Amino acid sequence: MNDTVALSPADMIARARARVPRAIDIPLRERLQPWAIATATFALFIACCIDLDLGPDVLANGIGKLGGILAAMWPPSAGGQWSRLLLAIAQTLGLAVLGTLLGILGALPLGLMGARNLVSNAAIHFIVRRMMDVFRGIPALVWALILVAACGLGPLPGVLALAFADIPRLGKLFAEAIESVDRRQRESLQATGASGSLVIRFGMLPQVLPVCLSQCLYYLEQNFRAAAVVGVVGAGGIGFELNERIRIFAFDEVALITILYIVIVGLLDEVSQRLRARLI
Amino acid sequence: MLEVNGLVCRFGDVVAVDNARLSIAGGEMVGVIGRSGSGKSSLLRLINRLYTPQAGSIHWQGACVSAYTGRDLRNWRRRAAIIFQDYNLIPRLDVLTNVLLGTLATRPVLPSLANYFTPELRARAVIELDRLGMAEAAFKRTQYLSGGQQQRVAIARAMVQDPEILLADEPVASLDPVNSEIVMQSILDINRSRGLTVLINLHSIDIARRYCQRIIGMNQGRIVFDGPVSSLTDRAVAAIYGVTVDPEDASSPERREALPIMEPLLATPAQKVVAR
Amino acid sequence: MSVSALFDAEDRRRAAVFEQDWRKRRLAHRLQNLGWLLLVSALLAVSLELSELRNSSVGLGWGERVATFVDRMTPHLRADALFASRNTDGSLASWFYDLPLWLVAIRETVAMAIVGTLVGGVFALSLSFLAASNLNANRPLRVLIRRSLDAARTIPDVILALIFASAFSLGPVAGVLTLIVSTTGSLGKLFSECMENARIREVEAIAATGGNWLLQMRFGVIPQLLPQLVSYWLLRLELNLSAAAALGIVGAGGIGVELQRAISFTEFDTYLAILLLIIACITVIDLVSERLRHRLIGAMA
Ligand SMILES: Nc1ncnc2c1ncn2[C@@H]1O[C@H](COP(=O)(O)OP(=O)(O)OP(=O)(O)O)[C@@H](O)[C@H]1O
Ligand SMILES: [Mg+2]
């Protein structure tokens, strides 16, 4: 029925080779390239595993213990300390709120300075942006460690750590939000003879504010997680409680706190999503 | 020999295909016409088994293909090759690889996953492309081809499937007249030279009349017309499309010349001329 | 003719109604703003109270404390001895006194990030096909996978690291496992969202030629989403690098361990040195990955 079937494979290949040589005799380089990439990736992976002493025996050994830990998590228990746990969660929320607010306050001037359409001085703009890029990579936990050493245990280093970690990230977002403002709106206001501050108030704020607010809500949510993390190195709250219980192998309580935590994050996520949907 | 009996396909409340019954002999070229939403695409997809019928049966050479599952089903899909209005090629891959994707069902999965195809398969793909005048473009990305070229690549992909029946879902609806002509001619050639059964959805009655031997008309999921092209009178066309035409006017033989004026009215907005 | 004569009684009535309406709206708007203000300040007050910030040691010799701290953090470099050997006080080498060791630790951190992102990426990719509603019709399985991804993303990585450390003992293995879990969670969600927006036609085309589910994913989904998937993956690699550095602080291997050590020996200038090293490393990776991303996407588009 199909006349290609009538041709012998060798004939077919000869015919195709005559027509489009490269389809049959694929250049060696092209043929090797995928294998080379795959081999290189695999070699990198193996080298990293060797460097980390990550072998099957280590994994097998640990997975057995992990199974024991997971078994110990059931049934979750509060260890009779419900009120303390709830207070810790509330405290973590408080840390997150304060950290975010402080972060916003710090990020605002940086955002304004980093926006090309507000600050015409290229040097300022460049330096501010670069600084924000550099500090963006430092996680809250790294800040928390040094701040705890500086100000002692307690919530203050936690709040500061969250704020320091947020400032460059939020600053960059603010700057980008301001830069993406529609120029026409601003110019039409300028054309009416409005002063600089009026242009910002009516030409830019209405466009920038919803975007920034929604980013702030997102960061509040993220900071709830980060607040739990900085708690581990001594900023109190839920992280502290979890750390303590993991160290004494009270995994049933760990399970309960984790579940509680996941539920709260879920709620927060829901609320912030609704609010953000309304803002934009 | 394709036999379809009491075929029903519903989507929620919509009955896309309603109790369809038809029988097609080997080597026929059959056009399917009907207004938009009448269930033409659904019929083809049911035959290829991209859709599963709620009732009825499909038989090919006596075997009940509507009962196939797993490997048999995939093999049936290979045997009943389908080409689409929007070509459905993979834009990021080159023409040759796109054509080679037609061979997936007949070979082990692992080499395919690694995108490895034997020289023999590649030779077949080149030969099929060459027949459609597309061999030169073998290493171009499909996204850079014109609509007519893309549809020819899609036909080549269908051909390397080594199909027993070719289903074509409005293959020329997105093409300009010149490209439509080339693509329709390629399909006709395949039908003639390989004796392949072809079932083809068409928006243009004119094209249906010129290329098909037999026409099936659908309206609201039902097959309302089935006969040789000579019996497709204007009255029949009007009935298929649910347009009422002045009876004495429509029966008069001179009306045939007037029909092209009617055609834009009958065609759906989806039909557009793409000039590239 | 006075101006008022231009308007009849009906006009004036309409104007009054308009003004009333406008006043009402303005009031509502102001009340709303006030409400927000009250809510935020209440939140603030409660947060201040809950976080016990007020009773912390603010004010007790505060300025002095910061001053000594800053003093101890800045390295005491001497211009004349800047390039002298490690044993000379005030040289760069004595500030970065353990540089070879730190570089090894950084290598470990990078290795953690690479393994975590590679393995997590593979897991995320495999699971995301099953978590996308257009690609997996099996609802219970889909919901199960989605919930697991959510959980993996929600639990803070440091907590995971502590749990893994109690099973695998302190060290990089616990860190790698943590990164794998959190990467699977976050990339899995991003990937599956990408996939839900994928064009289904290409998948259908592969199905129509008789390709099985795996092949449909391989040729129908992956080629069309490749640039997005790769750029998310590279972004995640960057994030994981700083996460890996931070995880060391709780003992999960890498450069973070050195940070923690510097703090516990109150070598704050050493801390600064290591921090600079980390920043340099992150910046380099940032630049490389941005280049790579642009090149890859340019090559693939
Ligand atoms: N996958 C699907 N899901 C839901 N409804 C569908 C689906 N496929 C088709 N339908 C519905 O079935 C009916 C028939 O559609 P079908 O695509 O078969 O018509 P058609 O004749 O091919 O129309 P057109 O000429 O516009 O392509 C339509 O009402 C359509 O909305
Ligand atoms: Mg259709």
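The values are calculated or read from the model by the stated rules, or taken from the named source; none is laboratory data. As the structure is a computational prediction, the values presented were derived from the model and not from experiment. Here the Cβ positions follow ideal geometry from the backbone for every residue, glycine too, while neighbour counts run over all protein chains shown. Heavy atoms of the whole protein, side chains included, go into the accessibility calculation; ligands, DNA and RNA do not. Shrake-Rupley method; radii C 1.70, N 1.55, O 1.52, S 1.80 Å.
Remarks
- Which numbered condition B:Leu167 fails, given (1) under 24 Å from B:Ile58 (Cα atoms); (2) of a type outside the set (Val, Ile, Thr); (3) crowded, with 23+ Cβ neighbours inside 10 Å; (4) away from ligand 2 (no atom under 16 Å from the Cβ): (4)
- For segment B:57-69, the candidate set comprises residues that are among the hydrophobic types (A, V, I, L, M, F, W, C) and buried (at least 18 other Cβ atoms within 10 Å of the Cβ); within that set, the residue that is farthest from B:Ile240 (Cα to Cα) is B:Val65.
- Residue within segment C:224-234 that is within 10 Å of chain B (Cβ to nearest Cβ) and over 20 Å from C:Ile114 (Cα atoms) present: yes
- Any hit, segment B:70-85, residues being surrounded by fewer than 22 Cβ atoms within 10 Å (Cβ to Cβ), of a type in the set (Gly, Ala, Ser) and either away from ligand 1 (no atom under 11 Å from the Cβ) or not in a helix (DSSP H, G or I) (or both): yes
- Within segment B:22-56, tally of residues that are more than 16 Å from B:Asn219 (Cβ to Cβ), away from chain C (no Cβ under 14 Å) and either surrounded by fewer than 17 Cβ atoms within 10 Å (Cβ to Cβ) or within 14 Å of ligand 2 (Cβ to nearest atom) (or both): 6
- Any hit, segment A:131-151, residues being open to solvent by 50 Å² or more (accessible area, probe 1.4 Å), within 12 Å of another protein chain (Cβ to nearest Cβ) and touching a residue at least 60 places away in the same chain (Cβ under 8 Å): no
- Residue in segment C:112-135 that is open to solvent by less than 30 Å² (accessible area, probe 1.4 Å), touching a Pro at 6+ places or on another chain (Cβ under 8 Å) and over 23 Å from C:Met217 (Cα atoms) present: yes
- Scan segment A:53-109 for residues that are more than 12 Å from chain C (Cβ to nearest Cβ) and surrounded by 21 or more Cβ atoms within 10 Å (Cβ to Cβ) and the total you get is 2.
- Single residue of segment A:207-243 satisfying the filter (closer than 16 Å to A:Val148 by Cβ and open to solvent by 10 Å² or more (accessible area, probe 1.4 Å)) that is modelled with the lowest pLDDT: A:Gly236
- Per-region count, segment C:137-152, residues surrounded by fewer than 20 Cβ atoms within 10 Å (Cβ to Cβ) and within 12 Å of chain A (Cβ to nearest Cβ): 4
- Qualifying residues in segment B:58-69 (those that are in a loop (DSSP other than H, G, I, E, B) and within 14 Å of chain C (Cβ to nearest Cβ)) - the one farthest from ligand 2 (Cβ to nearest atom): B:Thr69
- B:Ala135 being aliphatic (A, V, I, L, M) and within 16 Å of ligand 1 (Cβ to nearest atom): no
- For A:Ile50, the conditions (1) open to solvent by less than 60 Å² (accessible area, probe 1.4 Å); (2) modelled with pLDDT of 90 or more; (3) more than 14 Å from chain B (Cβ to nearest Cβ) all hold with the exception of (1).
- Which listed residue, of B:Arg141, B:Arg157, B:Arg192, is buried (at least 24 other Cβ atoms within 10 Å of the Cβ) and either at pLDDT 90 or above or in contact with a strand residue (DSSP E or B) (Cβ under 9 Å, 6 or more places away or on another chain) (or both): B:Arg157
- Matching entry among A:Val142, A:Val128, A:Val159 (being under 30 Å from C:Ala167 (Cα atoms) and in contact with a helix residue (DSSP H, G or I) (Cβ under 6 Å, 6 or more places away or on another chain)): A:Val142
- Remark: B:Gly12 falls outside the filter, which requires a residue to be within 13 Å of ligand 2 (Cβ to nearest atom) and on the phi > 0 side of the Ramachandran plot.
- Lone qualifier among B:Ser174, B:Ser193 - being among the hydroxyl-bearing types (Ser, Thr, Tyr), away from ligand 2 (no atom under 16 Å from the Cβ) and within 22 Å of B:Gly133 (Cα to Cα): B:Ser193
- Qualifying residue in segment C:187-198 (condition: in contact (Cβ under 8 Å) with a residue 12 or more places away in the chain and within 14 Å of chain B (Cβ to nearest Cβ)): yes
- Residue count for segment B:200-236, restricted to those that are surrounded by 16 or more Cβ atoms within 10 Å (Cβ to Cβ), in contact with a strand residue (DSSP E or B) (Cβ under 6 Å, 6 or more places away or on another chain) and in a loop (DSSP other than H, G, I, E, B): 4.
- Tallying residues that are of a type in the set (Asp, Glu), within 16 Å of ligand 2 (Cβ to nearest atom) and more than 9 Å from chain C (Cβ to nearest Cβ) within segment B:70-92 yields 0.
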